[in-house]
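Read-outs: derived from the displayed coordinates by stated rules, not from any lab. Model, not experiment: these values are computed from the prediction.
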Amino acid sequence: MAQCVLTKRGLPTIQTAHIVPNKVNRTSNDYLIKENCWAWLDTFWGEDRVVKLKAQLLTGGMVGTEQVANLITLDMQAHEYWDRTHFAFRPLWINESKTEMHLAFHWLPFVKDGPFEIPKRTECVPTEVHIFDDPYYRPIMGPGKNNILFHTQTLKPILSGYVFRITTDNPKARPLPSMELLQLKWHLSRIAA
């Protein structure tokens with residue numbers, strides 16, 4: 001059954017979202033080298049990680065975003081927020097057989113985007129520790145201005161720190177999203193926000 005991995009909303013409001021944006025599809029490796037994109041990533045994440053990213057993204061010297069490992073199913077609202085970096089998924093774990101993965105959802109700072117003034121949040125968003133161990137932590141319900149995502153099965157708002165799982169019964173025919181590409185998107189989304 002087709003449904004959003006986050007909200008569990010089903011048809012007709014679900015869409016296929018790209019982890020690495022479709023805008024870079026068919027970008028040449030030569031252009032990425034000339035613009036220092038790989039060198040920039042190498043500075044932050046090291047040569048080994050960048051080699052793995054290149055192996056996943058490059059086909060015949062061109063970036064190829066149209067591959068199952070670069071796709072994730074989101075409902076229309078979540079897809080729009082994802083593309084605008086209003087939230088990010090932090091990859092946590094994938095099993096050895098690549099049939100189950102866990103991701104954590106995090107709202108990111110919300111900034112002015114378009115004609116409406118939306119103040120940037122400045123409070124810290126814990127991302128590396130288990131946030132519910134802190135008795136003073138108040139989960140962030142949304143980025144502000146009545147922007148909230150709900151889990152359709154529980155009818156509860158999806159809060160920062162919410163951990164969910166994605167599964168597949170056939171990792172060859174229907175692979176999970178790429179852990180490496182999700183990690184790249186996680187870091188770049190936080191930079192962009």
Residue-span extension gain [SER28 to ALA192] - 0.36 nm each, minus C-alpha spacing: 56.7 nm
Stretchable slack from GLN153 to TRP45, in nm (0.36 nm times residue separation minus alpha-carbon distance): 35.1 nm
Projected area averaged over orientations for region 1-69, convex hull of C-alpha atoms, nm²: 6.0 nm²
